[in-house]
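Each remark here refers to the structure printed beneath this line.
FYI, it's all coordinate maths here, none of it is from the lab. Source: prediction; values computed, not measured. Because the Cβ atoms are built from the backbone with ideal geometry, glycine has one as well, and the counts that use them run over all protein chains shown.
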Amino acid sequence: MSYEETNPGAVESETETHRLEETFICRFMRLLQLARIHESGNRLTVEALNNFISTGRRLLDEEGDEITIEASHGRFFVQGRKLLIRKQSAVFVLSLLGWFERLGLYGLRFNADFDKVTNKKAYDFILEMIEAQNHNEPAEWLGKRLEEERFFWVETVAAPQSEAGASAVENPELAHRLYSYAYNSLKSVGQKILKGKPSGIRKPLRVIQDITDLAFVNNEVLMGITTIRDHDDYTFTHSVNVAILSICLGQQIGLSRRSLVRLGISALFHDLGKIDVPLEILNKPGPLDTREFQEIQHHPLNGVRRIIKLNADSELKARILLPPFEHHLRYDLSGYPETDWNRPLSLFGRIIEICDVYDALTSARSYRQTPLSQDRALGIMLAKSGRDFDPVLLKWFVNLLGVLPMGTLVKLNTGHFGLIYNGGNFKEDHLPKVLVLRQQNGRYTKGEILDLNQRDTKTGQPPYTIESTHHPTDLGIQPAVYLM
Ligand SMILES: [Fe+2]
Ligand SMILES: [Fe+2]
């Protein structure tokens with residue numbers, strides 16, 4: 001099976017959602033224009049209100065819980081994704097950008113209650129935007145009005161602190177947002193499946209496309225974000241991590257963007273079959289008995305069945321099926337499910353297998369409360385190189401993470417704890433930088449960044465060295481929070 005062929009279905013759905021976002025922005029602007037000259041009962045205004053509300057609802061339907069529009073560096077970002085400005089919509093998009101700029105408004109968020117908004121209330125909201133121009137701090141004024149006047153379905157969004165001077169794509173906030181979108185989109189697929197409802201994959205596909213784009217720009221930020229473990233459901237967090245790590249590894253070995261998107265979506269769905277495993281088995285603290293283990297072993301095949309049933313382009317589905325089936329088979333085919341399969345694992349299968357095991361070892365699980373530190377996990381995996389894992393890919397993976405991967409918690413010779421800030425490679429005599437964690441009132445805060453390559457001018461000795469590595473749960477911290 002070639003992973004390089006085109007998939008018109010995926011491109012089409014990507015464009016459709018983009019068009020919907022663009023239409024929403026245009027209709028928003030059209031309404032602003034009309035409301036300045038017409039009453040709410042005017043025929044044109046009514047039409048514009050209907051169009052604005054119906055497009056918003058459709059977008060909400062596609063995007064889930066909320067629609068966030070942000071204006072940053074002369075562009076709109078809808079759901080964190082840059083809105084392309086096309087010729088035919090440029091006048092409306094740029095006019096609305098002008099409005100945001102004049103009001104000093106960074107963003108607006110429409111939540112699920114937008115579904116129930118009436119024409120009257122939507123018109124009132126537009127009037128508040130127009131009125132805001134007459135006040136000293138228009139954006140703050142508008143924010144307060146929306147709160148006071150009980151516009152439950154819309155709120156203003158303040159600029160993130162890290163916004164100053166950074167483009168959105170360089171902004172770690174984007175990685176954070178993408179992580180949450182990926183998690184929520186996968187969770188909503190899982191919930192729909194459990195309720196027996198048909199589920200599409202348009203939203204996860206869009207997120208994976210955005211993650212892939214970010215991987216080309218800032219691989220390190222993406223890798224760092226996989227240390228997040230604050231979402232409630234292990235399977236979904238794990239799946240997002242495996243998708244991100246797989247995309248980063250695939251990007252390192254030079255896969256095309258199109259292949260990376262397929263790899264990412266396949267990785268995101270690699271454990272979809274776990275939906276069919278009873279929770280008491282998935283969360284069992286002790287060792288599994290034979291029957292329970294057999295039940296777990298069904299998840300790769302069940303995953304394939306679940307993917308087939310997804311409401312998505314069949315060509316795309318066909319291309320992402322194999323890796324979820326293969327991900328526990330192991331490089332030497334000694335794993336499960338039992339099969340008389342004797343062909344080597346696919347490239348995607350081998351990539352996902354490595355990222356899957358790495359993330360599982362470094363996460364806390366019901367049967368192993370103390371997760372392994374990242375370098376210990378890599379050590380265990382290297383011992384099984386050539387048997388469980390493709391040796392060449394595993395080397396790439398180790399290089400990608402650095403000998404001490406970003407986010408590793410270390411104890412320094414000074415007695416302080418710190419986080420590896422950028423991965424180091426001992427072979428190339430390049431040691432990492434460490435972000436020192438300072439303890440204040442029982443909490444850890446960001447301290448200085450130390451360069452371990454530093455040498456004392458008199459003795460030639462390094463003043464700072466690493467004494468031991470630990471897992472972040474030892475301190476009850478989440479590295480991503482400090483590294484962002
Ligand atoms: Fe699995
Ligand atoms: Fe997994």
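Worth pointing out:
- Relative contact order [Cα under 8 Å, 6+ residues apart], the stretch 277-367, whole percent: 30 percent
- Segment R75-R257, length gained on full extension (0.36 nm per residue, minus Cα span): 63.2 nm
- Alpha-carbon centroids, the stretch 267-335 and the stretch 36-58: separation in whole Å: 48 Å
- Positive-pole candidate from I275, L301, P204, dipole of the chain, charges at beta carbon: L301
- The mean sequence separation of alpha-carbon pairs under 8 Å and at least six residues apart, normalised by the residue count of the chain, gives a relative contact order of 11 percent.
- Think of each Lys and Arg Cβ as +1 and each Asp and Glu Cβ as -1; about the Cα centre, that makes the dipole of the stretch 329-484 roughly 360 debye.
- The stretch between F216 and I37, if pulled fully straight at 0.36 nm per residue, gains 59.8 nm over its current Cα-Cα span.
- E315/K458 FRET efficiency (R0 51 Å; Cβ-Cβ; nearest 0.05): 0.15
- Simple spin-label estimate for W341 and H18 in nanometres, 7 Å along Cα-Cβ: 3.5 nm
- Taking the number of Cβ atoms within 10 Å of each Cβ as an exposure proxy, the fewest-first ranking of R109, R343, R27, R438 is R343, R438, R109, R27.
- Of all lysines in the structure, the ones whose alpha carbon falls short of 22 Å from that of K82, not counting any fewer than 8 places away in one chain, are K203.
- Proportion of all alpha-carbon pairs of the chain beyond 45 Å (%): 20 percent
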